[in-house]
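For reference, the structure is listed below as structure tokens.
The values are calculated or read from the model by the stated rules, or taken from the named source; none is laboratory data. What you see is a predicted model; the values in this text were computed from it and never measured. Don't worry about glycine lacking a Cβ; one is built from the backbone with ideal geometry, like all the others, and counts go over all protein chains shown. To get the accessible areas, we keep the full protein, side chains included, count just its heavy atoms, and leave off ligands, DNA and RNA. Shrake-Rupley method; radii C 1.70, N 1.55, O 1.52, S 1.80 Å.
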Amino acid sequence: MEDNIMNLVVVGVISWSTIFLLTRRVFPKLSFDFSNRVVSAIHATLAVILASLTVQDWRCPVCPLASKSSPKQMQTLAMSLSYMIYDMVCCLFDKQVKLDHSIHHLVSIVGFGAGLAYKKCGSEMVAALWITEISSPFLHLRELLKELGYKDTDLSLVADILFAVIFTFARMGGGPYLTYVTLVANNPFLIKAMALGLQLVSAFWFYKIVLMVRYKLTKRTSTKVT
């Protein structure tokens, strides 16, 4: 990994940590998780913007396949790698370690690290970043609304539905296609393994989202009836 990319990762970890500490200071009465989700929402938004800016041809967003990563792609991946490292450590401090989240962190960190080390597969990895983060702002918004006192409101329901719909189209629509082209292209084995692992995690989360939406709609229907 090049020194400038390594420096960007280090600066990124420090920057995410600083944003978290500032958020804790501004909202001292709110939870540890609230501050972390603010940071996560900022990263998700920034990741989608930067990933979009690296696309060379929107007629084929994942092209060219198995090619050398561009400087912009490397910088985008380094930024997200720094966030994943921060978030993994942050979750350990919060003592809310979940198996699926731990697997997601591990897959993402190894995947980003491998992409930066190989200096290739930039198109596929940036596309994966876009797909995985496009629904994340709504994921964090629904949790932030709960802590701000908007649980079980119309606004909360809208956030839930937007998250579920965008997640479904991105991860269960674009995700399998991206996994397929990554597997069939001339990519390193580690990159292929990470692509498959990420899709499996997405499928598991999709199952949990279906259960969540069904529960929310059933609960809301029952409340209106009574």
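Does segment 145-156 contain any residue that is part of a helix (DSSP H, G or I), in contact with a Lys or Arg (Cβ under 8 Å, 6 or more places away or on another chain), in contact (Cβ under 8 Å) with a residue 60 or more places away in the chain and open to solvent by 20 Å² or more (accessible area, probe 1.4 Å)?
Here is the first cut: in segment 145-156, the ones part of a helix (DSSP H, G or I) are 145-147, 154-156.
Subset that is in contact with a Lys or Arg (Cβ under 8 Å, 6 or more places away or on another chain): 145, 156.
Okay, now just the ones that are also in contact (Cβ under 8 Å) with a residue 60 or more places away in the chain, so none.
No - not one qualifying residue is present in segment 145-156.
Output the number of residues of segment 181-192 satisfying the condition of being within 19 Å of the chain's Cα centre (by Cα), hydrophobic (A, V, I, L, M, F, W, C) and open to solvent by 40 Å² or more (accessible area, probe 1.4 Å).
In the first step, residues of segment 181-192 are kept if they are within 19 Å of the chain's Cα centre (by Cα); the result is 182, 191-192.
From what's left, hydrophobic (A, V, I, L, M, F, W, C): 191.
From what's left, open to solvent by 40 Å² or more (accessible area, probe 1.4 Å): none.
Total satisfying the criteria: 0.
Do the conditions hold for GLY115, that is, is it in contact (Cβ under 8 Å) with a residue 12 or more places away in the chain, assigned to a helix (DSSP H, G or I) and touching a Ser or Thr at 6+ places or on another chain (Cβ under 9 Å)? Against the criterion (in contact (Cβ under 8 Å) with a residue 12 or more places away in the chain, assigned to a helix (DSSP H, G or I) and touching a Ser or Thr at 6+ places or on another chain (Cβ under 9 Å)), GLY115 qualifies.
Selection of segment 18-69 for residues being open to solvent by 40 Å² or more (accessible area, probe 1.4 Å), part of a helix (DSSP H, G or I) and in contact (Cβ under 8 Å) with a residue 24 or more places away in the chain yields PHE32, ASP33, ARG37, THR45, LEU46, LEU50. Among the residues of this structure, TYR215 does not count as one that is open to solvent by 50 Å² or more (accessible area, probe 1.4 Å) and outside any helix (DSSP H, G or I). Scanning segment 163-180 for residues that are surrounded by 15 or more Cβ atoms within 10 Å (Cβ to Cβ) and either out of contact with any Ser or Thr (no Cβ under 8 Å at 6 or more places or on another chain) or among the basic types (Lys, Arg) (or both), which turns out nearest to ALA127 (Cα to Cα)? The qualifying residue nearest to ALA127 (Cα to Cα) is LEU178.
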